[in-house]
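Quick notes on the structure that follows.
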Amino acid sequence: MTATDSAGSYIPVVDAALHHPPRGFSDRFAYGFTKTLRFFADTFFARRYGHRAIVLETVAAVPGMVGATLTHLKCLRRMSDDNGWIRTLLEEAENERMHLMTFIKIAQPTLFERFVVLTVQWFFYVGFFLLYLISSKTAHRVVGYFEEEAVISYSHYLKELDEGRAENPPAPSIAIHYWKMPPDAMLRDVIRIIQADEAHHRDVNHSLADELGGRPAGERPIAPYPRHAVDLREPA
């Protein structure tokens, strides 16, 4: 199902309340870890959603690249097919990076936030890399829960916009190009389509975790993925 907003852009409908109930120790660990990070993010950023997005998207772009790299190496060792996982995970990493590039146009990060990015990214990269080596199922479940929280955060951001507590400027040109949005698109349209991206990543990662845990592939419905430009370069 899709929705057409006032700007005429194509944006899939998002079920922001969708949640995967934890099952077993692996899921409970992933969920508890995610909620802990959510607490620190809420404490540090409060309602500065643009700045929150900049920092968190630098982290969100890590798992896809780590997963794709380790899956690639595993397939080389085993001389086996990847069943499309590598391309899916690389696309996720690239998509999250484009979220970051979009938000940099909306809210310039402070010097302190840039320092936080450098610190958090290194710790998270090493930690997630080790987690993926130990249990790729848990790693994908962590990402699924991360994306659940991202969908909720963007719902809060939309509420701030709708109630007039945050500005709703025109969409950055990089967003208009990447998501093939109309020229008159606004920030609210960008937030909605990024939220749809996150909902798709949420369902894909939960599905991958299910598959690694022995659940048949294809049982979990996957939220529609918004259309994206093939050429990621912003027009001059």
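On a per residue basis, the convex hull of the C-alpha atoms belonging to region 105-150 measures out at 84 Å³.
Seen against the Cα atoms of the chain and their longest principal axis, helix 49-78 is set at about 30 degrees.
The long axis of helix 111-134 is offset from the longest Cα principal axis of the chain by roughly 30 degrees. Across all Cα pairs in region 123-213, the calculated P(r) in 10 Å bins from zero up to the longest distance comes to 17, 33, 28, 19, 3 percent per bin.
Between 0 and 90 degrees, the angle of helix 85-106 with respect to the longest Cα principal axis of the chain falls at about 30 degrees.
Summarised in one figure, the compactness ratio Rg/Rh of the chain, Cα atoms and Kirkwood Rh, is 0.95. Helix-derived [θ] at 222 nm for the chain: sum -39500 (n - 2.57) over DSSP H runs of at least 4, divide by residue count, nearest 500? Calculated mean residue ellipticity at 222 nm is -23500 deg cm²/dmol. For residue 159, which aspartates and glutamates qualify as cross-link partners when the Cα separation must be under 14 Å and same-chain residues fewer than eight apart are set aside? Cross-link targets: 167, 189.
Charge dipole of region 25-212 (Cα centre as origin; +1 on each Lys and Arg Cβ, -1 on each Asp and Glu Cβ, all else neutral): 460 debye, rounded to the nearest 20. Each of the peptides 178-184, 12-18 was scored by the mean count of other Cβ atoms within 10 Å over its residues; in descending order, highest first, they stand as 178-184, 12-18. Partners of residue 74 within straight-line reach, counting lysines whose Cα lies under 28 Å from its Cα and excluding those fewer than 8 residues away in the same chain: 137. When the chain is described by a simple charge dipole with +1 on each Lys and Arg Cβ and -1 on each Asp and Glu Cβ, the residue from 178, 142, 11 located farthest towards its positive end is 142. Structural descriptor for the chain: relative contact order 26 percent, calculated from alpha carbon pairs under 8 angstrom and at least 6 residues apart.
Cross-link reach is defined here as a Cα-Cα straight distance under 14 Å, omitting same-chain residues fewer than 8 places apart; for residue 35 the aspartates and glutamates meeting it are 27, 147, 148, 149.
The string of couplings for region 181-187 from the Karplus curve (6.51, -1.76, 1.60, θ = phi - 60°) is 8, x, x, 9, 5, 10, 4 Hz, one whole number per residue in order, with x for Gly and Pro. For the peptides 192-202, 19-29, 90-100, 73-83, residues were scored by their other Cβ atoms within 10 Å and the scores averaged per peptide; the highest-first order is 192-202, 90-100, 19-29, 73-83. Along region 162-176 the Karplus relation, 6.51 cos²θ - 1.76 cosθ + 1.60 evaluated at θ = phi - 60°, assigns HN-Hα couplings of 5, 9, x, 8, 9, 6, 10, x, x, 5, x, 4, 5, 6, 4 Hz to successive residues, with x for each Gly and Pro. Taking amide H positions as modeled 1.01 Å from N, with prolines and chain starts lacking one, the residues under 5 Å from residue 186 and 5 or more places away or on another chain are 171.
Taken together, the values in this text are just the output of simple stated rules run on the coordinates, not laboratory data. Note that the structure is predicted; figures quoted are calculated from it, not measured. Every residue, glycine as well, gets a Cβ built from its backbone with ideal geometry; the counts of neighbours run over all protein chains shown.
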